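Trainee: My questions will all concern the structure given below.
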Amino acid sequence: MTSARCTVCGGTPTVWRTSLHDEVTCATHPVAVRCVFCGRGDADPRAAGWLALADGVHRCPTCAADAVNTQEQARKHLPVIRRDMAAMGLDLPERVLVRIVPYDEVAGLVGGPASGMLLGATQQVIGGAGGRRVVEICVVAGLPELYFGRAVAHEIGHAWLGLRGATTVDDVVEEGTCELFAYAWLKRRGTAMAEVLREQMTRNPEPVYGGGFRLVHAAIRRHGVDTVLNGLLSTGRLP
(Lines give C-alpha, C1' and ligand atoms only; values in the text may rest on other atoms or scores of the structure.)
Protein backbone atom coordinates (compact mmCIF):
# COMPACT_ATOMS: atom_id res chain seq x y z
CA MET A 1 0.00 0.00 0.00
CA THR A 2 1.30 3.43 -0.91
CA SER A 3 1.55 6.33 1.53
CA ALA A 4 1.12 8.88 -1.27
CA ARG A 5 -2.11 10.83 -1.68
CA CYS A 6 -4.37 10.49 -4.70
CA THR A 7 -4.14 13.45 -7.09
CA VAL A 8 -7.93 13.47 -7.51
CA CYS A 9 -9.51 12.76 -4.11
CA GLY A 10 -6.58 13.25 -1.75
CA GLY A 11 -7.11 9.85 -0.17
CA THR A 12 -4.62 7.01 0.22
CA PRO A 13 -5.18 4.57 -2.68
CA THR A 14 -5.25 0.81 -2.25
CA VAL A 15 -5.02 0.29 -6.02
CA TRP A 16 -3.53 3.09 -8.06
CA ARG A 17 -2.04 4.33 -11.31
CA THR A 18 1.34 6.08 -11.31
CA SER A 19 2.46 8.96 -13.55
CA LEU A 20 6.03 9.51 -14.78
CA HIS A 21 6.37 11.95 -11.87
CA ASP A 22 5.51 9.08 -9.47
CA GLU A 23 2.22 10.78 -8.58
CA VAL A 24 -0.56 8.32 -7.80
CA THR A 25 -4.25 8.31 -8.69
CA CYS A 26 -6.85 5.85 -7.41
CA ALA A 27 -7.46 3.29 -10.13
CA THR A 28 -11.19 3.45 -9.34
CA HIS A 29 -11.54 7.04 -10.61
CA PRO A 30 -12.86 7.41 -14.16
CA VAL A 31 -10.36 9.00 -16.54
CA ALA A 32 -11.79 11.78 -18.72
CA VAL A 33 -8.45 13.46 -19.42
CA ARG A 34 -4.86 12.24 -19.43
CA CYS A 35 -1.65 14.26 -19.45
CA VAL A 36 0.13 13.80 -22.77
CA PHE A 37 3.53 14.06 -21.07
CA CYS A 38 3.44 12.07 -17.83
CA GLY A 39 0.28 9.97 -18.23
CA ARG A 40 -1.50 11.28 -15.12
CA GLY A 41 -5.27 11.04 -15.41
CA ASP A 42 -8.19 12.95 -13.99
CA ALA A 43 -11.94 12.57 -13.97
CA ASP A 44 -12.47 16.23 -14.96
CA PRO A 45 -10.57 18.05 -17.75
CA ARG A 46 -11.54 21.33 -16.06
CA ALA A 47 -9.89 20.36 -12.77
CA ALA A 48 -7.67 22.99 -11.19
CA GLY A 49 -4.27 23.29 -12.83
CA TRP A 50 -5.08 21.28 -15.95
CA LEU A 51 -4.34 23.16 -19.18
CA ALA A 52 -5.03 22.42 -22.84
CA LEU A 53 -2.03 22.40 -25.17
CA ALA A 54 -4.13 21.82 -28.29
CA ASP A 55 -7.49 20.27 -29.14
CA GLY A 56 -7.68 17.04 -27.17
CA VAL A 57 -4.14 17.47 -25.80
CA HIS A 58 -3.80 18.32 -22.10
CA ARG A 59 -1.13 18.99 -19.48
CA CYS A 60 -1.47 18.10 -15.82
CA PRO A 61 -0.63 20.68 -13.12
CA THR A 62 2.82 19.19 -12.51
CA CYS A 63 3.85 19.25 -16.17
CA ALA A 64 2.38 22.72 -16.61
CA ALA A 65 4.33 24.05 -13.61
CA ASP A 66 7.77 23.95 -15.28
CA ALA A 67 6.56 24.38 -18.86
CA VAL A 68 8.42 26.59 -21.33
CA ASN A 69 5.64 28.85 -22.54
CA THR A 70 7.45 31.99 -23.72
CA GLN A 71 10.54 33.10 -25.59
CA GLU A 72 11.91 34.58 -22.36
CA GLN A 73 11.59 31.25 -20.56
CA ALA A 74 13.25 29.47 -23.48
CA ARG A 75 16.26 31.78 -23.29
CA LYS A 76 16.98 30.49 -19.77
CA HIS A 77 17.33 26.90 -21.02
CA LEU A 78 18.80 27.22 -24.52
CA PRO A 79 22.44 28.05 -23.59
CA VAL A 80 22.71 24.87 -21.50
CA ILE A 81 21.14 22.71 -24.21
CA ARG A 82 23.42 24.20 -26.87
CA ARG A 83 26.48 23.59 -24.71
CA ASP A 84 25.39 19.99 -24.14
CA MET A 85 24.96 19.40 -27.87
CA ALA A 86 28.31 21.02 -28.67
CA ALA A 87 29.95 18.76 -26.06
CA MET A 88 28.54 15.80 -28.01
CA GLY A 89 30.13 17.16 -31.21
CA LEU A 90 26.98 18.79 -32.57
CA ASP A 91 28.11 22.40 -32.59
CA LEU A 92 26.26 24.41 -35.23
CA PRO A 93 28.41 26.35 -37.73
CA GLU A 94 26.06 29.34 -37.66
CA ARG A 95 23.39 30.85 -35.48
CA VAL A 96 20.03 29.09 -35.44
CA LEU A 97 16.96 30.84 -34.07
CA VAL A 98 14.71 28.88 -31.73
CA ARG A 99 11.14 30.18 -31.63
CA ILE A 100 8.39 29.22 -29.19
CA VAL A 101 5.16 28.93 -31.17
CA PRO A 102 1.62 27.57 -30.68
CA TYR A 103 1.01 23.89 -31.34
CA ASP A 104 -1.15 24.61 -34.39
CA GLU A 105 1.61 26.66 -36.03
CA VAL A 106 4.14 23.85 -35.74
CA ALA A 107 1.54 21.35 -36.98
CA GLY A 108 0.97 23.61 -39.98
CA LEU A 109 4.68 23.51 -40.85
CA VAL A 110 4.87 19.73 -40.97
CA GLY A 111 1.28 18.81 -41.72
CA GLY A 112 0.83 17.30 -38.25
CA PRO A 113 2.84 14.51 -36.59
CA ALA A 114 3.06 11.05 -38.14
CA SER A 115 1.80 9.77 -34.81
CA GLY A 116 2.12 10.66 -31.17
CA MET A 117 2.93 14.09 -29.78
CA LEU A 118 4.29 16.87 -32.01
CA LEU A 119 7.09 18.76 -30.25
CA GLY A 120 8.84 20.88 -32.87
CA ALA A 121 10.00 21.45 -36.44
CA THR A 122 13.02 22.80 -38.29
CA GLN A 123 12.71 24.87 -41.44
CA GLN A 124 15.02 26.70 -43.82
CA VAL A 125 13.86 30.13 -44.93
CA ILE A 126 15.40 31.69 -48.03
CA GLY A 127 15.04 35.46 -48.22
CA GLY A 128 16.34 38.81 -47.14
CA ALA A 129 19.44 40.52 -48.50
CA GLY A 130 21.17 38.35 -51.09
CA GLY A 131 18.72 35.51 -50.65
CA ARG A 132 20.35 34.50 -47.37
CA ARG A 133 19.39 31.12 -45.92
CA VAL A 134 18.06 31.17 -42.37
CA VAL A 135 17.61 27.94 -40.41
CA GLU A 136 14.93 28.23 -37.77
CA ILE A 137 13.75 25.82 -35.10
CA CYS A 138 10.15 26.07 -33.94
CA VAL A 139 9.23 24.42 -30.63
CA VAL A 140 5.70 23.97 -29.32
CA ALA A 141 4.85 26.38 -26.50
CA GLY A 142 3.97 24.73 -23.20
CA LEU A 143 6.35 21.77 -23.16
CA PRO A 144 7.69 20.72 -19.74
CA GLU A 145 11.38 21.52 -19.32
CA LEU A 146 12.58 17.97 -20.06
CA TYR A 147 10.41 17.65 -23.16
CA PHE A 148 11.53 21.11 -24.31
CA GLY A 149 15.17 20.06 -24.11
CA ARG A 150 14.42 16.81 -25.89
CA ALA A 151 12.64 18.69 -28.69
CA VAL A 152 15.46 21.23 -29.10
CA ALA A 153 18.09 18.46 -29.15
CA HIS A 154 16.16 16.62 -31.87
CA GLU A 155 15.70 19.74 -33.98
CA ILE A 156 19.35 20.76 -33.56
CA GLY A 157 20.07 17.42 -35.22
CA HIS A 158 18.10 18.50 -38.31
CA ALA A 159 19.83 21.89 -38.30
CA TRP A 160 23.26 20.25 -37.92
CA LEU A 161 22.69 17.94 -40.88
CA GLY A 162 21.40 20.79 -43.03
CA LEU A 163 24.11 23.29 -42.15
CA ARG A 164 26.85 20.69 -42.56
CA GLY A 165 25.66 20.09 -46.09
CA ALA A 166 24.49 16.52 -45.66
CA THR A 167 23.59 14.84 -48.91
CA THR A 168 19.86 14.13 -49.16
CA VAL A 169 19.07 11.75 -46.31
CA ASP A 170 16.13 9.35 -46.26
CA ASP A 171 13.40 10.54 -43.85
CA VAL A 172 13.61 7.40 -41.74
CA VAL A 173 17.39 7.74 -41.36
CA GLU A 174 17.27 11.48 -40.69
CA GLU A 175 14.50 11.30 -38.08
CA GLY A 176 16.17 8.28 -36.50
CA THR A 177 19.47 10.17 -36.30
CA CYS A 178 17.81 13.18 -34.68
CA GLU A 179 16.00 10.92 -32.22
CA LEU A 180 19.37 9.44 -31.32
CA PHE A 181 20.70 12.95 -30.62
CA ALA A 182 17.74 13.58 -28.30
CA TYR A 183 18.32 10.17 -26.69
CA ALA A 184 21.94 11.11 -25.98
CA TRP A 185 20.91 14.50 -24.58
CA LEU A 186 18.42 12.84 -22.21
CA LYS A 187 21.18 10.57 -20.93
CA ARG A 188 23.08 13.66 -19.77
CA ARG A 189 20.14 14.65 -17.57
CA GLY A 190 20.62 11.63 -15.33
CA THR A 191 17.06 11.69 -13.96
CA ALA A 192 14.57 8.87 -13.55
CA MET A 193 12.08 10.54 -15.88
CA ALA A 194 14.76 11.08 -18.54
CA GLU A 195 15.53 7.36 -18.39
CA VAL A 196 11.86 6.50 -18.80
CA LEU A 197 11.68 8.72 -21.90
CA ARG A 198 14.81 7.07 -23.28
CA GLU A 199 13.27 3.64 -22.77
CA GLN A 200 10.09 4.78 -24.52
CA MET A 201 12.17 5.93 -27.49
CA THR A 202 13.76 2.50 -27.86
CA ARG A 203 10.31 0.85 -27.91
CA ASN A 204 8.46 3.43 -30.03
CA PRO A 205 6.48 1.36 -32.59
CA GLU A 206 6.15 4.28 -35.03
CA PRO A 207 8.12 3.29 -38.18
CA VAL A 208 9.82 6.62 -38.97
CA TYR A 209 10.85 7.87 -35.52
CA GLY A 210 10.97 4.60 -33.60
CA GLY A 211 12.05 2.40 -36.49
CA GLY A 212 14.54 5.03 -37.65
CA PHE A 213 16.01 5.32 -34.18
CA ARG A 214 16.60 1.58 -33.91
CA LEU A 215 18.12 1.48 -37.41
CA VAL A 216 20.60 4.29 -36.71
CA HIS A 217 21.34 3.06 -33.19
CA ALA A 218 22.24 -0.38 -34.57
CA ALA A 219 24.53 1.20 -37.19
CA ILE A 220 26.34 3.21 -34.53
CA ARG A 221 26.82 0.14 -32.35
CA ARG A 222 28.37 -1.67 -35.33
CA HIS A 223 30.47 1.13 -36.84
CA GLY A 224 30.80 3.92 -34.26
CA VAL A 225 29.37 7.44 -34.12
CA ASP A 226 32.02 9.14 -36.27
CA THR A 227 31.74 6.64 -39.12
CA VAL A 228 27.95 6.87 -39.20
CA LEU A 229 27.77 10.67 -39.07
CA ASN A 230 30.56 11.13 -41.61
CA GLY A 231 28.76 8.72 -43.89
CA LEU A 232 25.52 10.65 -43.61
CA LEU A 233 27.29 13.91 -44.40
CA SER A 234 29.09 12.52 -47.44
CA THR A 235 26.65 9.99 -48.91
CA GLY A 236 23.33 10.43 -47.09
CA ARG A 237 23.33 6.72 -46.25
CA LEU A 238 24.18 4.53 -43.31
CA PRO A 239 27.35 2.44 -43.62
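The values are calculated or read from the model by the stated rules, or taken from the named source; none is laboratory data. Treat the numbers as computed from the prediction; the structure is a model and nothing was measured. Cβ atoms come from the backbone with ideal geometry, glycine included; neighbour counts cover every protein chain shown. Quick note on the areas: whole protein, heavy atoms, side chains included, nothing else; ligands and nucleic acids left out. Shrake-Rupley method; radii C 1.70, N 1.55, O 1.52, S 1.80 Å.
Trainee: Run the dipole for segment 1-98 about the Cα centre, Lys and Arg Cβ at +1, Asp and Glu Cβ at -1, nothing else charged, and hand back the magnitude in debye, nearest 20.
Mentor: Here the size comes out at about 80 debye.
Trainee: Working with all protein chains in place, sort S3, S234, S19 by solvent-accessible area computed with a 1.4 Å probe, largest first.
Mentor: Ranked from most to least accessible, the order is S3, S234, S19.
Trainee: Next up: Note the listed values [x] 12.8; [y] 13.6; [z] 14.4, then indicate which one is mean projected area of the Cα convex hull in nm² calculated from this particular structure.
Mentor: Given [x] 12.8; [y] 13.6; [z] 14.4, the structure-derived one carries the label [z].
Trainee: Then there is this: Using +1 on the beta carbon of Lys and Arg, -1 on that of Asp and Glu, and nothing else charged, what's the dipole of the chain about the Cα centre, debye to 20?
Mentor: The calculation lands at about 460 debye.
Trainee: Sticking with this one: Between helix 209-223 and the chain, what is the angle of the helix's C-alpha long axis to the longest principal axis, kept within 0 to 90° and rounded to the nearest 10?
Mentor: Taking the Cα atoms of the chain, the angle to 209-223 is about 60 degrees.
Trainee: Spelling out what I want: for every residue of segment 186-196, take phi, set θ = phi - 60°, compute 6.51 cos²θ - 1.76 cosθ + 1.60 (Karplus), and round to whole Hz; glycine and proline get x.
Mentor: 4, 4, 5, 6, x, 10, 4, 5, 4, 5, 5
Trainee: Related question: Accessible area, 1.4 Å probe, largest first: how do T235, T177 sort?
Mentor: T235, T177
Trainee: Rounded to the nearest 20 debye, what is the charge dipole size of segment 151-229 about its Cα centre when +1 sits on each Lys and Arg Cβ and -1 on each Asp and Glu Cβ?
Mentor: Computed charge dipole of segment 151-229: roughly 380 debye.
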